[in-house]
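Scroll down for the structure; my scribbles are underneath it.
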Amino acid sequence: MGAPLQAIRGMSDLLPAEALAWQQVESVLRGVLGTYGYREMRVPLIERTELFQRSIGEVTDIVEKEMYTFDDRNGLSLTLRPEATAGIVRAAIENGMLRNQRHRLWSTGPMFRYEKPQKGRYRQFHQFDIEALGFPGPDIDAELIVMTARAWRTLGLQHLELQVNSIGMPEGRARYREALTGYFRGHLAVLDEDSLRRLERNPMRILDSKNPAMQAVVAAAPVITEYLDAGSAAHFERVQALLGDAGVVFRVNPRLVRGLDYYNRTVFEWVTDQLGTQGAVCAGGRYDGLVEQLGGSATPAIGCAIGMERLVELHRVCGGTVPAPAADVYVVAVGEGATAAALRLAEQLRDARPGLAVEMNCGGGGFKAQLRRADASGAAVALIIGEDEVAAGTVGVKPLRTDAAQVNVAGGGVLAAVAPFLPTG
Ligand code: ATP
Ligand code: MG
């Protein structure tokens with residue numbers, strides 16, 4: 001026997017009560033997205049490393065230092081997915097989904113990034129990923145954002161601020177990058193090691209820096225807004241107008257550039273001040289060039305990813321309650337013969353009323369112990385079968401949440417006797 005093993009740093013277990021809270025939040029998201037025509041898609045957790053290098057970009061936090069990369073037994077370099085968009089786009093191309101078609105898709109599951117674990121930042125975390133492929137926008141841009149706003153409303157979330165920006169097209173960004181490089185060269189003394197490295201290859205990433213010592217210099221840097229092409233500017237105007245028309249409050253943040261290379265035009269984040277320093281709950285943007293970059297035919301697209309750990313936590317902070325799971329009936333069985341009769345009864349009840357939560361006392365115990373478990377199960381009624389009931393072909397029906405007396409009924413009458421005590425009547 002060795003010492004008990006521990007989970008890997010930055011990777012959490014979701015215990016049943018937490019899993020329930022997650023299920024509830026996920027089911028709201030599924031429901032809302034379904035009503036907008038979004039359909040689920042599932043892709044592998046592991047892809048070729050090259051996929052992420054080619055999509056996310058070489059000079060990004062993710063590809064430079066956060067990927068879980070390993071060789072398989074054949075020497076092929078694989079990576080645990082750090083985000084979902086690349087895999088979904090790969091799959092859409094591979095399955096011929098993008099030949100003059102449009103798809104509204106969502107996917108959810110674990111992502112892996114080798115980051116410094118802290119509250120709201122983990123090494124295995126979960127995203128709810130939303131992608132709209134084949135839509136040039138700006139209508140879909142606005143709809144996507146309006147839809148997320150509806151999801152927050154349905155979940156009862158508050159304290160979320162929507163920030164939007166446009167980062168234009170690659171040509172404008174190239175000019176902006178030059179301006180930015182020039183500016184930061186004038187402030188070399190303030191730049192940290194990461195930023196110095198990015199200065200020549202990807203200066204926009206410097207704007208993402210969370211280093212407090214650099215915030216003043218970052219805040220005074222040129223903004224991308226002045227480098228937008230006319231098409232992108234018009235697109236951005238339209239997105240803002242549609243959001244305003246839909247009553248979605250937003251703030252234009254000209255310094256929002258996002259940490260992945262594949263974005264263009266619309267980018268946005270939903271940010272909260274309720275979760276400490278890791279306040280971005282949902283982030284996304286348009287990525288019109290990515291499909292082509294990964295070998296598909298040019299397809300406009302936009303998407304976003306919701307950080308589930310942060311969303312579930314915000315839901316909790318905002319008072320979102322999760323009902324404790326409760327059995328409807330608990331079957332108490334004492335004695336050898338009673339066990340078979342009790343299992344039969346439980347199955348009959350499940351057949352007669354699908355959805356009825358019937359918890360069977362497995363593992364024996366006397367009447368008193370079993371009734372204690374019945375009480376703890378949250379059940380409205382205990383059904384009691386002992387040797388006497390087996391002999392008589394009856395079942396004891398004992399209401400657990402009212403003063404009503406226990407009655408004994410014939411096996412066939414159980415459901416009728418139980419019904420008045422169930423929450424749904
Ligand atoms: P940051 O700049 O904070 O690292 P990011 O740009 O890397 O964020 P995205 O790749 O846009 O984050 O991911 C979308 C969302 O997924 C984030 O807004 C956040 O809610 C969540 N997220 C990202 N990384 C993590 C993580 N390591 N742990 C928990 N949630 C995360
Ligand atoms: Mg990150």
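Please treat every number below as a calculation from the coordinates, not as lab data. As the structure is a computational prediction, the values presented were derived from the model and not from experiment. FYI the Cβ positions are ideal-geometry reconstructions off the backbone, even for glycines, and counts take in every protein chain you see.
Anisotropy class assigned to the chain is prolate, per the alpha carbon gyration tensor with a/c at or over the 1.5 cut-off and a/b larger than b/c.
For Pro110, what is the net charge nearby, where nearby means another residue's Cβ is under 12 Å from its Cβ and Lys, Arg count +1, Asp, Glu -1? Net local charge, Pro110 excluded: 0.
Within a straight-line Cα-Cα reach of under 27 Å, Lys210 can be paired with the following lysines, leaving aside sequence neighbours fewer than 8 residues apart in one chain: Lys65, Lys116, Lys119. Among the helices of the chain, those built from whole DSSP H runs whose Cα atoms reach 18 Å or more along their own axis and whose mean Kyte-Doolittle hydropathy is at least 0.0 are 16-35, 139-155, 230-245. Ranked for footprinting exposure by Cβ neighbours inside 10 Å, fewest first, Lys119, Lys210 give Lys210, Lys119. Taking amide H atoms as placed 1.01 Å from N in the peptide plane, the amide H of Met360 lies under 5 Å from those of Val331, each 5 or more residues away in sequence or on another chain.
Beta bridges from DSSP with both residues in the chain: antiparallel share about 80 percent, rounded to the nearest 5.
Rounded, prolate or oblate: which one fits region 1-90, using the alpha carbon gyration tensor with axes a ≥ b ≥ c (rounded when a/c is under 1.5, else prolate when a/b beats b/c, else oblate)? Here region 1-90 falls in the oblate category.
Converting phi to 3J(HN,Hα) with the Karplus coefficients 6.51, -1.76 and 1.60 and the offset θ = phi - 60°, region 283-299 yields 8, x, x, 7, 9, 5, x, 5, 4, 5, 4, 9, x, x, 7, 3, 9 Hz in sequence order, with x at every glycine or proline. Dividing the helix sum by the residues of the chain, where each DSSP H run of 4 or more adds -39500 (n - 2.57), gives a mean residue ellipticity at 222 nm of -11000 deg cm²/dmol.
Under the rule a/c < 1.5 gives rounded, and otherwise a/b versus b/c splits prolate from oblate, where does region 329-416 land using the Cα gyration tensor?
Details: a/c = 1.18, a/b = 1.03, b/c = 1.15.
Since a/c stays below 1.5, the shape of region 329-416 is classed as rounded.
Where does each of Asp208, Asp141, Asp71 land when they are ranked from fewest to most other beta-carbon atoms within 10 angstrom?
Listed from fewest to most nearby Cβ atoms, that is Asp71, Asp208, Asp141.
Do any trypsin sites (Lys or Arg not before Pro) in region 22-93 lie in a DSSP loop with no more than 12 other beta carbon atoms within 10 Å, and if so, which?
Values: sites: Arg30, Arg39, Arg42, Arg48, Arg54, Lys65, Arg73, Arg90; in loops: Arg42, Arg73.
Taking region 22-93 and a limit of 12 other Cβ atoms within 10 Å, the loop trypsin sites (Lys or Arg not before Pro) found are Arg42, Arg73.
Residue-wise HN-Hα couplings along region 221-227, as the Karplus relation 6.51 cos²θ - 1.76 cosθ + 1.60 with θ = phi - 60° gives them from phi, are 5, x, 9, 6, 3, 6, 10 Hz; Gly and Pro carry x.
Residues Asp288, Asp375, Asp194 in ascending order of nearby Cβ atoms (within 10 Å, fewest first): Asp375, Asp194, Asp288. What lysines sit close enough to Lys398 to cross-link, taking a C-alpha to C-alpha distance under 24 Å and skipping anything fewer than 8 places away on the same chain? Of all the lysines, those that pass the test against Lys398 - Cα under 24 Å, at least 8 places apart if same chain - are Lys368. Proximity of backbone amide H atoms, modeled 1.01 Å from N, is registered between Gln127 and Gly109, Met111, Met308 at under 5 Å, excluding neighbours fewer than 5 places apart on the same chain.
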